[in-house]
Amino acid sequence: MRTSTATWLCALGVIRTACAASTTSTADTQFANYAFASELGSGVYETDGRTITVYTLQPGYQLRDAEPNGGSPGIRIIVPLTVGFYNFQAIDLVRLQVPTSIGALSLEPGVELDYWLTDKWDIYPYVKAGGTFASSAAINAVIYGLGVRSDYRFDLGGGAALWRAELAYAGVHYHADLPNDSFTRLRDAVEVRRDLPWVWRGRQVELGPYAIGDLYLDAPSGPATGISARTIQLEAGLMVNVSPRWQIHGVPMPRIGVGYREAGILSGWRLVIGDPF
């Protein structure tokens, strides 16, 4: 999620989508499939004159807390929910408008463990499986994934930094005749959050530059998955936040930022909503 405000926005968008007939062309549906939307991260992606908006929510339930210093791991039930909209312009977010057609909706419940190694370092193995549903039944599919994530927190230049390393495997099995697909990705990412000596309308301003490096050991087949087939993909950007956060009807507004992803045919700008990775 990573983005709390998107909860009500996605819910309203799904309701409106269910009540509207799809008018997406074959070419648009192919591009808006995004079978691996849950792996992309929330944001508005602008590529080749087309816009795809992805919201990823991460509700869950904590079954057991982790014990420190390598003790018994925490156990959390995760229920990732991802909604992908086609041709939803970034300015629509400011106007609080919702889209009328959906590219992909996925639900992928699973289990995540939390090994609390030190006060600064946690490791999270996980496994998940579910389904993705799109405007065309031909591209509905079973999706699944497993992997391990490492989060290391440290201080850098007076700011709070996070270094995330992740090894992930994800796959899609289509109900129709489309070829199944999968990928293995090694990700290294870092973000440094730092409070600025600026106060805007009574709120402290925070900036968070970030960088992401992805190495695909067997990259997906191309644009129909929403992920470039390029082996090495890079992204860099800047997040903005205020403290305390603004709220809408008691729901905190997510952080917002902008980044550029170098990914071959799918290179382009991304308006980040929530967390960059």
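Does VAL192 count as touching a Pro at 6+ places or on another chain (Cβ under 9 Å), in a strand (DSSP E or B) and under 19 Å from ALA229 (Cα atoms)? Show your work before the answer.
Details: touching a Pro at 6+ places or on another chain (Cβ under 9 Å): yes; in a strand (DSSP E or B): yes; under 19 Å from ALA229 (Cα atoms): no.
Judged against the criteria, VAL192 is not a match.
Just checking, how many residues over segment 263-277 are more than 16 Å from ALA211 (Cβ to Cβ) and either part of a strand (DSSP E or B) or modelled with pLDDT of 90 or more (or both)? Show your work before the answer.
Going residue by residue through segment 263-277, those that are more than 16 Å from ALA211 (Cβ to Cβ) are 264-266, 268, 271, 273-274.
Next, from what is left, pick out any that are either part of a strand (DSSP E or B) or modelled with pLDDT of 90 or more (or both): 268, 271, 273.
Number of matching residues: 3.
Quick one: in segment 129-148, of everything that is assigned to a helix (DSSP H, G or I) and not β-branched (Val, Ile, Thr), which residue is farthest from ASP177 (Cα to Cα)?
Filtering segment 129-148 for residues assigned to a helix (DSSP H, G or I) gives 137-139.
Filter once more, so that each one left must be not β-branched (Val, Ile, Thr): 137-138.
Values: ALA137: 11, ALA138: 8 Å.
So, considering only residues that are assigned to a helix (DSSP H, G or I) and not β-branched (Val, Ile, Thr), the one farthest from ASP177 (Cα to Cα) is ALA137.
Restricting to segment 174-198, name every residue that is crowded, with 17+ Cβ neighbours inside 10 Å and either closer than 21 Å to TYR152 by Cβ or modelled with pLDDT of 95 or more (or both).
Correct list: ARG185, ARG187, ALA189, VAL190, GLU191, VAL192, ARG193.
Those residues that are of a type outside the set (A, V, I, L, M) and closer than 17 Å to TRP121 by Cα, I need them from segment 160-186; list them, please.
TRP163, ARG164, GLU166
Among the residues of segment 230-262, write down those that are exposed (fewer than 14 other Cβ atoms within 10 Å of the Cβ), part of a loop (DSSP other than H, G, I, E, B) and in contact with a strand residue (DSSP E or B) (Cβ under 6 Å, 6 or more places away or on another chain).
THR231, the sole residue that qualifies.
What are the residues in segment 199-244 that are over 25 Å from PHE154 (Cβ atoms), modelled with pLDDT of 90 or more and of a type in the set (Val, Ile, Thr), if any?
Those that are over 25 Å from PHE154 (Cβ atoms), modelled with pLDDT of 90 or more and of a type in the set (Val, Ile, Thr): THR231, ILE232.
Collect the residues in segment 209-248 that are under 14 Å from ALA170 (Cβ atoms) and not aromatic (Phe, Trp, Tyr), keeping them in residue-number order. Give the steps one after another, and end with the answer.
Keep residues of segment 209-248 that are under 14 Å from ALA170 (Cβ atoms), which gives 214, 216-221, 225-227.
Correct list: ASP214, LEU217, ASP218, ALA219, PRO220, SER221, THR225, GLY226, ILE227.
Can we say TYR169 is hydroxyl-bearing (Ser, Thr, Tyr) and under 28 Å from GLY259 (Cα atoms)? First the steps, then the outcome.
On the way: hydroxyl-bearing (Ser, Thr, Tyr): yes; under 28 Å from GLY259 (Cα atoms): yes.
Yes; evaluated as a whole, the condition is true for this residue.
Against the definition (of a type in the set (D, E, K, R), under 17 Å from TYR45 (Cβ atoms) and over 15 Å from the mean Cα position of the chain (by Cα)), how does ARG230 come out, yes or no? Show your work before the answer.
Working: of a type in the set (D, E, K, R): yes; under 17 Å from TYR45 (Cβ atoms): yes; over 15 Å from the mean Cα position of the chain (by Cα): yes.
Judged against the criteria, ARG230 is a match.
Across segment 217-229, what is the total count of residues that are outside any helix (DSSP H, G or I) and buried (at least 21 other Cβ atoms within 10 Å of the Cβ)? Full working, then the answer.
Start the filter on segment 217-229 by keeping residues that are outside any helix (DSSP H, G or I), which leaves 217-222, 226-229.
Remaining after also requiring buried (at least 21 other Cβ atoms within 10 Å of the Cβ): 219-220, 226-228.
Looking only at that region, the number is 5.
Taking segment 200-252 on its own, how many of its residues are acidic (Asp, Glu) and in contact with a Leu (Cβ under 9 Å, 6 or more places away or on another chain)?
Taking segment 200-252 as the starting set, the residues that turn out to be acidic (Asp, Glu) are 206, 214, 218, 235.
From the residues that got through so far, the ones that are in contact with a Leu (Cβ under 9 Å, 6 or more places away or on another chain) too are 206, 214.
Count: 2.
Quickly run through segment 149-168 and pick out the residues that are loosely packed, with under 15 Cβ neighbours inside 10 Å and assigned to a strand (DSSP E or B).
Of segment 149-168, the ones loosely packed, with under 15 Cβ neighbours inside 10 Å are 153-158.
Result: ARG153, PHE154, ASP155, LEU156.
A quick yes/no check of all residues on (1) free of Cβ contacts under 8 Å to residues at least 40 places away in the same chain; (2) more than 22 Å from the chain's Cα centre (by Cα):
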residue: LEU113; (1), (2): no, no
residue: TRP116; (1), (2): no, yes
residue: ALA134; (1), (2): no, no
residue: ASN140; (1), (2): yes, no
residue: GLY147; (1), (2): yes, no
residue: ALA161; (1), (2): yes, no
residue: TYR169; (1), (2): yes, no
residue: PRO179; (1), (2): no, yes
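The values are calculated or read from the model by the stated rules, or taken from the named source; none is laboratory data. These numbers were taken from a predicted model, which means no experiment stands behind them. Every residue, glycine as well, gets a Cβ built from its backbone with ideal geometry; the counts of neighbours run over all protein chains shown.
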